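The values are calculated or read from the model by the stated rules, or taken from the named source; none is laboratory data. Fair warning: this is a prediction, and the values are worked out from it, not measured in the lab. Positions of Cβ are backbone-derived with ideal geometry, glycine not excepted, and every protein chain shown enters the neighbour counts. Side chains are part of the model used for accessible areas, which takes the heavy atoms of the whole protein and leaves out ligands, DNA and RNA. Shrake-Rupley method; radii C 1.70, N 1.55, O 1.52, S 1.80 Å.
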Amino acid sequence: MKDHELFRRDVADWLAENLTGEFAGLRGLGGPGREHEAFDLRLAWERHLAASGWTCVGWPREFGGRGLSLAEQVIFHEEYAASGAPARVGHLGEQLLGPTLIAHGTPEQRQRFLPKIVAVEELWCQGYSEPGAGSDLAAVSTSARLEGDQWVVTGQKIWTSLAHVADWCFVLARTEPGSRRHSGLSYLLVPLRQDGVTVRPIRQLTGTSEFNEVFFDGARTPASMVVGEPGDGWRVAMATLGFERGVSTLGQQIGFRRELEGVIEQARRTSTIDDPVLRTELTRAWIGLRVLRAHALRTLGEDAGPEVAVSKLLWAQWHRRLGELAMRARGPRSLVHDGEPDEWQRLFLFSRADTIYGGSDEIERNIIAERVLGLPKEARA
Ligand SMILES: Cc1cc2nc3c(=O)[nH]c(=O)nc-3n(C[C@H](O)[C@H](O)[C@H](O)COP(=O)(O)OP(=O)(O)OC[C@H]3O[C@@H](n4cnc5c(N)ncnc54)[C@H](O)[C@@H]3O)c2cc1C
């Protein structure tokens, strides 16, 4: 316990000493709906973190990580969020692809990619969703065929977060012609900066563009860039999703707490704080945050499954309600802007997406219905 307190102080001290100079202005920047904020400086900050060994902190040391225990990782993420340090830019490589390669990659793939994720020299994006395959991911139709010693990839992905800044994409593609559903898919690593790839930003409600359409038109990647066996991509893709909600959710909750404090501050300024209904709901939000934290601590380190589905439902709905509270706290001013939404309007608008990405509410409820309650599976066409 004492060691943990010392470790907490070390992390807090390092952050306080380093979030200074050019990095001081990064406090509170970035994150969902605000990925455009100070991107280049956030990248420089993340490389600075890497130089002191503060990226990939939960990875084993043999793969370039810091080998922190689960408790230490929680402490790191909590202190990171509490310091106001900016949202990370390399999280898709660090939290999704890296752990997938550690579990399922070849030694050559690990050697080629992990050091560059640790050093934040290469950024990744996730190419799963397509116009005809979202919740029903097994409907993927992007295809890839082997031509000599290369895969040739053709098809379209959509909602690909950060593809416009990424160097590589992990792509779920159909590699066995005529295969259906979960079989015949492969998990390919595809470089994005090549002629056969077009990335087209999608403008969101918030006015910003942090996800994209990605078109593969004969894009190429070496035959060795398949993770797991060809045709076994579904299993690997599910493993990646299992890594999606790790210990960083406890850091996310510290960010939520700061947002709630900000909403209360807004309510004070506009005097909406005098509204007894709003006061009740702000108090409920505070209690909800305690429930989120208790649930996250109780299920820490558990594999993907019903507990994770409960977590996703709880935080997504909590955060969406917070967006609505932000609008109410600001009163009539929340209804207008001068061409660009402000911080609170953006919170409201972006939080509408929380109940969609990473598993929509309906899909999470289906998981609980089928796996916990044993209800009959849904009929499928
Ligand atoms: C901000 C954001 C970032 C994203 N980033 C990425 C990314 O980086 N990479 C990537 O691959 N994807 C990404 N996505 C896509 C995301 O994974 C999909 O939006 C999600 O899986 C839902 O798929 P869909 O949009 O096709 O909706 P659909 O699957 O078409 O669903 C539409 C509606 O129908 C409901 N529905 C669907 N099936 C069922 C069912 N069986 N039972 C009950 N209701 C059902 C859904 O809950 C939803 O309300 C992102 C999405 C958002 C919003």
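Of the residues that make up segment 126-139, is at least one without any contact (Cβ under 8 Å) to a residue 60 or more places away in the chain, away from the ligand (no atom under 16 Å from the Cβ) and either assigned to a strand (DSSP E or B) or in contact with an Asp or Glu (Cβ under 9 Å, 6 or more places away or on another chain) (or both)?
no
Out of the residues in segment 242-301 that are polar (S, T, N, Q) and outside any helix (DSSP H, G or I), state the one that is nearest to Ala81 (Cα to Cα). Quick ask: steps written out before the conclusion?
In the first step, residues of segment 242-301 are kept if they are polar (S, T, N, Q); the result is 248-249, 252-253, 266, 270-272, 280, 283, 299.
Still in the list and also outside any helix (DSSP H, G or I): 271, 299.
Details: Ser271: 29, Thr299: 20 Å.
Here the residue is Thr299.
Hey, does segment 170-180 have a residue that's polar (S, T, N, Q), surrounded by 17 or more Cβ atoms within 10 Å (Cβ to Cβ) and within 15 Å of the ligand (Cβ to nearest atom)?
No: zero hits.
Failed condition for Ile117, given (1) farther than 30 Å from Trp344 by Cα; (2) surrounded by 18 or more Cβ atoms within 10 Å (Cβ to Cβ); (3) free of Cβ contacts under 8 Å to residues at least 60 places away in the same chain, with all others met?
So the condition that Ile117 fails would be (3).
Residues in segment 372-380: is at least one in a helix (DSSP H, G or I), among the small types (Gly, Ala, Ser) and out of contact with any Cys (no Cβ under 7 Å at 6 or more places or on another chain)? I'd like the intermediate steps shown before the answer.
To start, the set of residues in segment 372-380 that are in a helix (DSSP H, G or I) comprises none.
No, the conditions are met nowhere in segment 372-380.
I'd like the full set of residues that are open to solvent by less than 30 Å² (accessible area, probe 1.4 Å), closer than 24 Å to Phe113 by Cβ and not in a strand (DSSP E or B), limited to segment 205-231.
Glu210, Met225, Gly228, Gly231
Please find, among Glu22, Glu108, Glu122, the residue that is of a type in the set (D, E, K, R), closer than 18 Å to Val190 by Cβ and open to solvent by 50 Å² or more (accessible area, probe 1.4 Å).
Glu108
For segment 141-148, does any single residue satisfy the condition of being within 13 Å of the ligand (Cβ to nearest atom), open to solvent by less than 10 Å² (accessible area, probe 1.4 Å), out of contact with any Pro (no Cβ under 7 Å at 6 or more places or on another chain) and outside any loop (DSSP other than H, G, I, E, B)?
Looking for residues that are within 13 Å of the ligand (Cβ to nearest atom), open to solvent by less than 10 Å² (accessible area, probe 1.4 Å), out of contact with any Pro (no Cβ under 7 Å at 6 or more places or on another chain) and outside any loop (DSSP other than H, G, I, E, B), one finds none in segment 141-148, hence no.
Could you list, in sequence order, the residues of segment 149-186 that are over 21 Å from the mean Cα position of the chain (by Cα), among the β-branched types (Val, Ile, Thr) and outside any strand (DSSP E or B)?
Thr175
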